[in-house]
Amino acid sequence: MIDPWSSTSLDYEKLVQQFGIKPFRDLLGDIENPSLLMRRGIIFGHRDFGHIVKALREKKPFAVVTGMMPSGKMHIGHKMIVDQLIWYQNKKAEIYIPIADMESYSARGVEFSESRKLALEEYITNYIALGLNFKSKNVHTYLQSENRDVNDLAYKLALKVNWNEMKAIYGFSGPTNIAHLYAPLIQVADILHPQLEAYGGPKPVVVPVGPDQDPHIRLTRDIAERFKTQFHFLSPSSTYHRFITGLTGGKMSSSKPKTAIFLSDSPDVAEKKIKTAKTGGRESLDEQKKLGGMPEDCVVYEMLLYHLVDDDHELAEIRNQCRSGQIMCGECKAQTALKVRELFETLSQKREKARSKALKVLED
Ligand code: TRP
Ligand code: SF4
(Lines give C-alpha, C1' and ligand atoms only; values in the text may rest on other atoms or scores of the structure.)
(Ligands and ions follow the chains in the order given, each with its own letter.)
Protein backbone atom coordinates (compact mmCIF):
# COMPACT_ATOMS: atom_id res chain seq x y z
CA MET A 1 0.00 0.00 0.00
CA ILE A 2 1.29 3.49 -0.86
CA ASP A 3 0.19 6.32 1.42
CA PRO A 4 0.45 9.54 -0.62
CA TRP A 5 0.46 11.71 2.51
CA SER A 6 3.34 10.08 4.31
CA SER A 7 5.30 8.04 1.82
CA THR A 8 8.87 7.36 2.79
CA SER A 9 11.19 5.89 0.22
CA LEU A 10 9.74 3.77 -2.52
CA ASP A 11 11.31 0.92 -4.40
CA TYR A 12 10.96 1.93 -8.03
CA GLU A 13 11.55 -1.56 -9.45
CA LYS A 14 8.86 -3.00 -7.24
CA LEU A 15 6.41 -0.33 -8.33
CA VAL A 16 6.94 -1.29 -11.89
CA GLN A 17 6.52 -4.99 -11.13
CA GLN A 18 3.67 -4.89 -8.61
CA PHE A 19 1.46 -2.04 -9.69
CA GLY A 20 1.59 -2.34 -13.44
CA ILE A 21 3.54 0.83 -14.09
CA LYS A 22 5.36 0.32 -17.40
CA PRO A 23 9.03 1.17 -17.97
CA PHE A 24 9.33 4.53 -19.70
CA ARG A 25 12.46 3.63 -21.60
CA ASP A 26 10.46 1.35 -23.93
CA LEU A 27 8.75 4.43 -25.40
CA LEU A 28 11.78 6.63 -25.63
CA GLY A 29 12.44 5.84 -29.30
CA ASP A 30 8.96 7.02 -30.25
CA ILE A 31 9.31 10.49 -28.75
CA GLU A 32 10.73 13.38 -30.73
CA ASN A 33 13.37 15.25 -28.71
CA PRO A 34 12.76 13.51 -25.39
CA SER A 35 13.55 15.70 -22.40
CA LEU A 36 16.64 15.36 -20.27
CA LEU A 37 14.61 13.71 -17.51
CA MET A 38 13.23 11.19 -19.99
CA ARG A 39 16.59 10.41 -21.61
CA ARG A 40 18.29 9.88 -18.28
CA GLY A 41 15.71 7.51 -16.85
CA ILE A 42 14.64 9.94 -14.13
CA ILE A 43 11.17 9.60 -15.56
CA PHE A 44 11.19 5.84 -15.16
CA GLY A 45 7.62 4.72 -15.57
CA HIS A 46 4.25 5.47 -17.11
CA ARG A 47 0.70 4.35 -17.57
CA ASP A 48 -0.75 4.63 -21.07
CA PHE A 49 1.75 7.26 -22.21
CA GLY A 50 1.15 5.80 -25.67
CA HIS A 51 -1.88 8.12 -25.98
CA ILE A 52 0.42 11.09 -25.53
CA VAL A 53 3.04 9.75 -27.91
CA LYS A 54 0.32 9.48 -30.53
CA ALA A 55 -1.04 12.98 -29.84
CA LEU A 56 2.49 14.38 -30.10
CA ARG A 57 3.16 12.57 -33.32
CA GLU A 58 -0.14 13.57 -34.93
CA LYS A 59 -0.01 17.09 -33.46
CA LYS A 60 -3.41 16.53 -31.84
CA PRO A 61 -4.55 18.43 -28.75
CA PHE A 62 -3.67 16.97 -25.36
CA ALA A 63 -3.50 18.25 -21.81
CA VAL A 64 -1.15 18.02 -18.86
CA VAL A 65 -2.40 18.29 -15.30
CA THR A 66 -0.14 18.58 -12.34
CA GLY A 67 -1.07 20.10 -9.05
CA MET A 68 1.00 21.86 -6.46
CA MET A 69 0.45 21.21 -2.80
CA PRO A 70 1.35 24.38 -0.95
CA SER A 71 2.80 23.08 2.30
CA GLY A 72 6.30 24.45 2.71
CA LYS A 73 9.22 25.80 0.76
CA MET A 74 10.19 24.46 -2.65
CA HIS A 75 13.48 22.60 -2.87
CA ILE A 76 15.66 21.72 -5.84
CA GLY A 77 13.86 18.38 -6.26
CA HIS A 78 10.66 20.23 -7.04
CA LYS A 79 12.33 21.84 -10.05
CA MET A 80 11.75 18.59 -11.89
CA ILE A 81 8.05 19.10 -12.27
CA VAL A 82 8.59 22.57 -13.69
CA ASP A 83 11.12 21.22 -16.18
CA GLN A 84 8.52 18.75 -17.34
CA LEU A 85 5.85 21.42 -17.69
CA ILE A 86 8.19 23.56 -19.77
CA TRP A 87 8.84 20.63 -22.08
CA TYR A 88 5.11 20.10 -22.53
CA GLN A 89 4.55 23.81 -22.98
CA ASN A 90 6.99 23.74 -25.88
CA LYS A 91 5.02 20.82 -27.29
CA LYS A 92 1.88 22.99 -27.25
CA ALA A 93 -0.04 21.11 -24.55
CA GLU A 94 -2.88 22.67 -22.61
CA ILE A 95 -1.51 22.92 -19.09
CA TYR A 96 -3.63 22.75 -15.96
CA ILE A 97 -2.06 23.63 -12.62
CA PRO A 98 -4.43 23.14 -9.72
CA ILE A 99 -3.31 24.55 -6.42
CA ALA A 100 -4.32 21.89 -3.95
CA ASP A 101 -5.63 24.15 -1.22
CA MET A 102 -8.48 21.77 -0.38
CA GLU A 103 -6.07 18.86 0.00
CA SER A 104 -3.68 21.00 2.01
CA TYR A 105 -6.51 22.07 4.32
CA SER A 106 -7.82 18.58 4.96
CA ALA A 107 -4.56 16.62 4.97
CA ARG A 108 -2.14 19.12 6.46
CA GLY A 109 -4.27 21.65 8.29
CA VAL A 110 -3.16 24.61 6.17
CA GLU A 111 -5.71 27.49 6.06
CA PHE A 112 -7.03 28.49 2.62
CA SER A 113 -5.63 32.01 2.87
CA GLU A 114 -2.24 30.58 3.76
CA SER A 115 -2.28 28.17 0.79
CA ARG A 116 -3.07 30.99 -1.59
CA LYS A 117 -0.25 33.11 -0.25
CA LEU A 118 2.24 30.23 -0.30
CA ALA A 119 1.20 29.21 -3.80
CA LEU A 120 1.71 32.70 -5.20
CA GLU A 121 4.76 33.86 -3.27
CA GLU A 122 6.66 30.60 -3.23
CA TYR A 123 5.45 28.12 -5.83
CA ILE A 124 4.29 30.24 -8.74
CA THR A 125 7.14 32.69 -8.20
CA ASN A 126 9.57 29.80 -8.58
CA TYR A 127 7.72 28.27 -11.51
CA ILE A 128 8.04 31.59 -13.35
CA ALA A 129 11.68 32.04 -12.34
CA LEU A 130 12.44 28.55 -13.61
CA GLY A 131 10.97 29.44 -16.99
CA LEU A 132 7.33 28.43 -17.18
CA ASN A 133 5.34 31.01 -19.10
CA PHE A 134 2.07 31.73 -17.31
CA LYS A 135 1.16 34.43 -19.80
CA SER A 136 0.46 31.87 -22.48
CA LYS A 137 -3.25 31.24 -22.85
CA ASN A 138 -2.51 27.52 -22.68
CA VAL A 139 -1.74 27.63 -18.97
CA HIS A 140 -4.65 27.38 -16.54
CA THR A 141 -3.87 27.88 -12.88
CA TYR A 142 -6.58 27.73 -10.23
CA LEU A 143 -7.27 27.17 -6.58
CA GLN A 144 -9.22 23.94 -6.06
CA SER A 145 -11.53 25.71 -3.65
CA GLU A 146 -12.46 28.32 -6.25
CA ASN A 147 -13.05 26.08 -9.22
CA ARG A 148 -16.75 25.42 -9.51
CA ASP A 149 -16.44 22.99 -12.44
CA VAL A 150 -13.93 20.86 -10.58
CA ASN A 151 -16.00 20.79 -7.40
CA ASP A 152 -19.20 19.93 -9.27
CA LEU A 153 -17.48 17.16 -11.16
CA ALA A 154 -15.88 15.75 -7.99
CA TYR A 155 -19.30 15.57 -6.36
CA LYS A 156 -20.82 13.78 -9.32
CA LEU A 157 -17.94 11.32 -9.52
CA ALA A 158 -18.22 10.57 -5.80
CA LEU A 159 -21.56 8.93 -6.55
CA LYS A 160 -19.77 5.87 -7.88
CA VAL A 161 -17.04 5.54 -5.27
CA ASN A 162 -17.66 3.71 -2.03
CA TRP A 163 -15.94 3.42 1.33
CA ASN A 164 -14.58 -0.10 0.78
CA GLU A 165 -12.82 1.05 -2.33
CA MET A 166 -11.24 4.05 -0.61
CA LYS A 167 -10.15 1.82 2.26
CA ALA A 168 -8.58 -0.63 -0.18
CA ILE A 169 -6.65 2.13 -1.93
CA TYR A 170 -5.57 4.33 0.98
CA GLY A 171 -5.68 1.95 3.93
CA PHE A 172 -6.31 2.82 7.53
CA SER A 173 -3.12 4.80 7.85
CA GLY A 174 -4.44 7.14 5.17
CA PRO A 175 -7.30 9.66 5.42
CA THR A 176 -8.83 9.95 8.89
CA ASN A 177 -11.70 12.36 8.36
CA ILE A 178 -14.28 12.88 5.65
CA ALA A 179 -12.73 16.08 4.30
CA HIS A 180 -9.43 14.29 3.88
CA LEU A 181 -11.19 11.27 2.39
CA TYR A 182 -12.92 13.54 -0.13
CA ALA A 183 -9.74 15.38 -1.17
CA PRO A 184 -8.69 12.66 -3.64
CA LEU A 185 -12.02 13.08 -5.43
CA ILE A 186 -11.12 16.72 -6.01
CA GLN A 187 -7.82 15.59 -7.46
CA VAL A 188 -9.62 13.08 -9.67
CA ALA A 189 -11.76 15.96 -10.93
CA ASP A 190 -8.63 18.11 -11.44
CA ILE A 191 -7.39 15.39 -13.77
CA LEU A 192 -10.65 14.62 -15.58
CA HIS A 193 -12.23 18.06 -16.01
CA PRO A 194 -10.13 19.04 -19.07
CA GLN A 195 -12.14 16.38 -20.91
CA LEU A 196 -15.53 17.97 -20.20
CA GLU A 197 -17.34 19.42 -23.21
CA ALA A 198 -16.81 22.97 -21.93
CA TYR A 199 -13.05 22.31 -22.05
CA GLY A 200 -12.98 20.88 -25.54
CA GLY A 201 -14.20 17.35 -24.83
CA PRO A 202 -12.40 14.02 -24.49
CA LYS A 203 -8.67 14.09 -25.15
CA PRO A 204 -5.43 12.51 -23.95
CA VAL A 205 -4.34 13.86 -20.59
CA VAL A 206 -1.04 13.14 -18.88
CA VAL A 207 -0.29 13.58 -15.21
CA PRO A 208 3.44 13.78 -14.43
CA VAL A 209 3.93 12.85 -10.78
CA GLY A 210 6.11 11.15 -8.24
CA PRO A 211 5.20 7.52 -7.54
CA ASP A 212 3.65 8.48 -4.19
CA GLN A 213 0.74 9.89 -6.21
CA ASP A 214 -0.01 6.62 -7.97
CA PRO A 215 -2.95 5.68 -5.70
CA HIS A 216 -4.72 8.83 -6.91
CA ILE A 217 -3.92 7.92 -10.50
CA ARG A 218 -5.32 4.42 -10.13
CA LEU A 219 -8.47 5.81 -8.55
CA THR A 220 -8.81 8.35 -11.38
CA ARG A 221 -8.43 5.72 -14.07
CA ASP A 222 -11.01 3.46 -12.42
CA ILE A 223 -13.48 6.29 -12.06
CA ALA A 224 -12.92 7.45 -15.65
CA GLU A 225 -13.88 3.96 -16.76
CA ARG A 226 -17.09 3.99 -14.68
CA PHE A 227 -18.22 7.28 -16.19
CA LYS A 228 -17.28 6.43 -19.75
CA THR A 229 -20.84 6.38 -21.09
CA GLN A 230 -21.73 9.65 -19.37
CA PHE A 231 -18.62 11.74 -20.14
CA HIS A 232 -16.73 9.69 -22.77
CA PHE A 233 -13.51 10.06 -20.79
CA LEU A 234 -10.32 8.67 -22.23
CA SER A 235 -8.41 7.01 -19.41
CA PRO A 236 -5.73 9.51 -18.31
CA SER A 237 -2.03 8.71 -18.72
CA SER A 238 0.66 9.28 -16.13
CA THR A 239 4.42 9.39 -15.84
CA TYR A 240 6.50 8.75 -12.72
CA HIS A 241 9.80 10.36 -11.79
CA ARG A 242 12.42 9.38 -9.27
CA PHE A 243 12.89 11.68 -6.32
CA ILE A 244 16.20 13.41 -5.87
CA THR A 245 18.23 12.18 -2.89
CA GLY A 246 18.65 14.53 0.06
CA LEU A 247 22.05 15.98 0.93
CA THR A 248 22.44 13.54 3.80
CA GLY A 249 21.59 10.48 1.73
CA GLY A 250 17.92 9.91 2.65
CA LYS A 251 14.89 11.65 1.21
CA MET A 252 15.10 15.36 0.35
CA SER A 253 12.38 16.97 2.38
CA SER A 254 11.35 20.58 3.02
CA SER A 255 10.55 19.69 6.61
CA LYS A 256 14.17 18.57 7.17
CA PRO A 257 16.24 21.62 6.16
CA LYS A 258 19.56 19.72 6.45
CA THR A 259 18.53 17.46 3.60
CA ALA A 260 17.44 20.16 1.16
CA ILE A 261 18.69 22.93 -1.08
CA PHE A 262 15.80 25.38 -1.21
CA LEU A 263 15.13 27.31 -4.39
CA SER A 264 15.13 30.44 -2.25
CA ASP A 265 18.61 29.75 -0.86
CA SER A 266 21.19 32.38 -1.75
CA PRO A 267 23.95 31.30 -4.18
CA ASP A 268 26.35 31.22 -1.21
CA VAL A 269 24.19 28.96 0.87
CA ALA A 270 23.42 26.65 -2.06
CA GLU A 271 27.12 26.38 -2.84
CA LYS A 272 27.98 25.59 0.76
CA LYS A 273 25.26 23.01 0.99
CA ILE A 274 26.49 21.06 -2.02
CA LYS A 275 29.90 20.90 -0.42
CA THR A 276 28.40 19.09 2.57
CA ALA A 277 26.60 16.52 0.42
CA LYS A 278 27.16 12.81 0.80
CA THR A 279 29.27 11.46 -2.08
CA GLY A 280 30.00 8.08 -3.57
CA GLY A 281 33.69 8.49 -2.80
CA ARG A 282 35.91 5.88 -1.12
CA GLU A 283 37.44 5.84 2.34
CA SER A 284 40.79 7.18 1.21
CA LEU A 285 42.25 8.94 -1.81
CA ASP A 286 44.42 5.92 -2.55
CA GLU A 287 41.45 3.67 -2.60
CA GLN A 288 39.51 6.05 -4.81
CA LYS A 289 42.37 6.25 -7.29
CA LYS A 290 42.50 2.46 -7.39
CA LEU A 291 38.78 1.60 -7.40
CA GLY A 292 37.20 4.80 -8.67
CA GLY A 293 34.17 6.53 -7.17
CA MET A 294 30.56 5.40 -7.24
CA PRO A 295 28.49 8.04 -9.06
CA GLU A 296 25.34 5.95 -8.68
CA ASP A 297 25.59 6.46 -4.89
CA CYS A 298 26.55 10.10 -5.03
CA VAL A 299 24.33 13.07 -4.25
CA VAL A 300 26.72 15.42 -6.07
CA TYR A 301 26.48 13.34 -9.22
CA GLU A 302 22.72 13.23 -8.92
CA MET A 303 22.62 17.00 -8.85
CA LEU A 304 24.64 17.08 -12.08
CA LEU A 305 22.43 14.42 -13.62
CA TYR A 306 19.10 16.09 -12.78
CA HIS A 307 19.85 19.76 -12.93
CA LEU A 308 23.31 20.97 -13.79
CA VAL A 309 24.60 19.40 -17.01
CA ASP A 310 22.45 19.58 -20.13
CA ASP A 311 24.90 17.89 -22.44
CA ASP A 312 24.81 14.08 -22.24
CA HIS A 313 28.42 13.74 -23.44
CA GLU A 314 29.71 16.10 -20.80
CA LEU A 315 27.87 14.14 -18.15
CA ALA A 316 29.24 10.82 -19.45
CA GLU A 317 32.73 12.30 -19.27
CA ILE A 318 32.28 13.22 -15.59
CA ARG A 319 30.89 9.77 -14.85
CA ASN A 320 33.84 8.08 -16.54
CA GLN A 321 36.38 10.23 -14.75
CA CYS A 322 34.72 9.37 -11.47
CA ARG A 323 34.49 5.64 -12.12
CA SER A 324 38.05 5.40 -13.29
CA GLY A 325 39.44 7.28 -10.30
CA GLN A 326 40.73 10.20 -12.38
CA ILE A 327 38.86 12.79 -10.39
CA MET A 328 38.61 13.01 -6.61
CA CYS A 329 35.51 14.15 -4.73
CA GLY A 330 37.05 17.40 -3.51
CA GLU A 331 37.73 18.66 -6.99
CA CYS A 332 34.47 17.30 -8.34
CA LYS A 333 32.53 19.03 -5.58
CA ALA A 334 34.30 22.31 -6.24
CA GLN A 335 33.36 22.14 -9.94
CA THR A 336 29.80 21.22 -9.10
CA ALA A 337 29.56 24.00 -6.53
CA LEU A 338 30.41 26.50 -9.27
CA LYS A 339 27.59 25.19 -11.41
CA VAL A 340 25.22 25.36 -8.45
CA ARG A 341 26.29 28.94 -7.82
CA GLU A 342 25.58 29.88 -11.44
CA LEU A 343 22.15 28.27 -11.35
CA PHE A 344 21.24 29.99 -8.11
CA GLU A 345 22.54 33.37 -9.21
CA THR A 346 20.29 33.28 -12.26
CA LEU A 347 17.43 31.97 -10.19
CA SER A 348 17.63 34.64 -7.53
CA GLN A 349 17.68 37.37 -10.18
CA LYS A 350 14.72 35.85 -11.94
CA ARG A 351 12.81 35.37 -8.69
CA GLU A 352 13.00 39.09 -8.07
CA LYS A 353 11.24 39.83 -11.34
CA ALA A 354 8.90 36.85 -11.03
CA ARG A 355 7.48 37.94 -7.69
CA SER A 356 5.17 40.67 -8.97
CA LYS A 357 4.16 38.61 -12.01
CA ALA A 358 3.19 35.71 -9.75
CA LEU A 359 0.74 37.82 -7.80
CA LYS A 360 -1.24 38.38 -11.00
CA VAL A 361 -1.49 34.76 -12.08
CA LEU A 362 -4.80 34.04 -10.34
CA GLU A 363 -6.37 37.30 -11.43
CA ASP A 364 -7.93 36.44 -14.77
N1 TRP B 1 -1.82 15.54 -4.45
C2 TRP B 1 -0.85 16.31 -5.14
C3 TRP B 1 0.37 16.51 -4.21
O4 TRP B 1 0.35 16.11 -3.09
C5 TRP B 1 -1.35 17.63 -5.61
C6 TRP B 1 -2.39 17.56 -6.70
C7 TRP B 1 -3.65 18.08 -6.65
C8 TRP B 1 -2.27 16.98 -8.00
N9 TRP B 1 -4.30 17.89 -7.82
C10 TRP B 1 -3.50 17.23 -8.66
C11 TRP B 1 -1.25 16.30 -8.66
C12 TRP B 1 -3.71 16.78 -9.95
C13 TRP B 1 -1.47 15.86 -9.96
C14 TRP B 1 -2.70 16.09 -10.61
O15 TRP B 1 1.34 17.08 -4.61
FE1 SF4 C 1 30.56 11.87 -6.62
FE2 SF4 C 1 32.25 13.36 -7.96
FE3 SF4 C 1 33.07 11.90 -5.88
FE4 SF4 C 1 32.40 10.74 -8.16
S5 SF4 C 1 34.09 12.13 -7.85
S6 SF4 C 1 31.78 10.07 -6.12
S7 SF4 C 1 30.71 12.04 -8.86
S8 SF4 C 1 31.65 13.63 -5.84
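The values are calculated or read from the model by the stated rules, or taken from the named source; none is laboratory data. From a predicted model like this one, the values you see are computed outputs, not experimental measurements. Cβ placement follows ideal geometry from the backbone for every residue including glycine, while neighbour counts extend to all protein chains displayed. All accessible areas refer to the heavy atoms of the entire protein, side chains included, with ligands and DNA or RNA removed. Shrake-Rupley method; radii C 1.70, N 1.55, O 1.52, S 1.80 Å.
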Please compute, for the alpha-carbon atoms of region 257-355, the extent along each of the three principal axes and give them in descending order in Å.
50, 29, 17
Percent antiparallel among DSSP beta bridges confined to the chain, rounded to 5, stands at 35
Label 7 Å along Cα→Cβ of Lys22; region 43-77 residues with amide nitrogen under 12 Å?
45-54
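Is region 192-238 rounded, prolate or oblate when judged by the Cα gyration tensor, a ≥ b ≥ c being the square roots of its eigenvalues, rounded requiring a/c under 1.5 and prolate requiring a/b larger than b/c? Present the calculation step by step, with values, prior to reporting the outcome.
Details: a/c = 2.92, a/b = 1.60, b/c = 1.83.
In terms of gyration-tensor shape, oblate.
On the protein heavy atoms, probe 1.4 angstrom, tell me the percent of accessible surface of the chain carried by carbon and sulfur.
On the way: 8880 of 17230 Å².
After summing per-atom areas, the C and S share lands at 52 percent.
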What order do Thr141, Thr336 take when sorted by accessible area (1.4 Å probe), most exposed first?
Thr141, Thr336
Centroid-to-centroid separation of region 257-285 and region 49-66 [C-alpha atoms, Å]
37
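Under 13 Å from the Cβ of Phe44, count the other residues' Cβ atoms, weight Lys and Arg +1, Asp and Glu -1, and hand me the total.
+3
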Cα Rg, Dmax (largest Cα-Cα span) when computed across region 200-317, Å:
20.6, 68
As a check on your grasp of the helix formula, calculate [θ] at 222 nm for the chain: sum -39500 (n - 2.57) over DSSP H runs of n ≥ 4, divide by the residue count, round to the nearest 500.
-13500 deg cm²/dmol
Under 10 Å, Cβ to Cβ, from Tyr306 - net charge with Lys/Arg +1 and Asp/Glu -1
+1
So which trypsin sites (Lys or Arg not before Pro) in region 10-70 end up in coil per DSSP with only 12 or fewer other C-beta atoms within 10 Å?
Lys59
Per residue value of the accessible surface for region 171-243 (all protein chains in place, 1.4 Å probe), Å²
34
Gaussian network model of the chain, springs between alpha carbon atoms under 10 Å - residue of Thr239, Thr248, Thr279 with greatest fluctuation:
Thr248
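Among all helices in the chain defined by DSSP H, which have a length of 15 Å or more along the axis from Cα atoms plus a Kyte-Doolittle mean of at least -0.5?
79-90, 178-192
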Estimate the FRET efficiency between Leu359 and Lys289 by the formula 1/(1 + (r/R0)^6), using the beta-carbon distance for r and 56 Å for R0, to the nearest 0.05.
0.55
Quick note, region 127-253: a/c under 1.5 would make it rounded; otherwise a/b > b/c is prolate and the rest oblate (a ≥ b ≥ c, C-alpha gyration tensor); here it is oblate
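Using unit Cβ charges (K, R positive; D, E negative) and no other charged atoms, how large, in debye to the nearest 20, is the dipole of the chain about its Cα centre?
In debye, rounded to 20, the chain gives about 200.
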Taking GluC sites (Glu not before Pro) in a DSSP loop with at most 10 other Cβ atoms within 10 angstrom as exposed, one finds the longest site-free stretch of the chain at 33-282
For the chain, compute Rh as the Kirkwood radius over C-alpha pairs and then the Stokes-Einstein diffusion coefficient at 37 °C and 0.692 mPa s; write the answer in µm²/s, rounded to an integer.
153
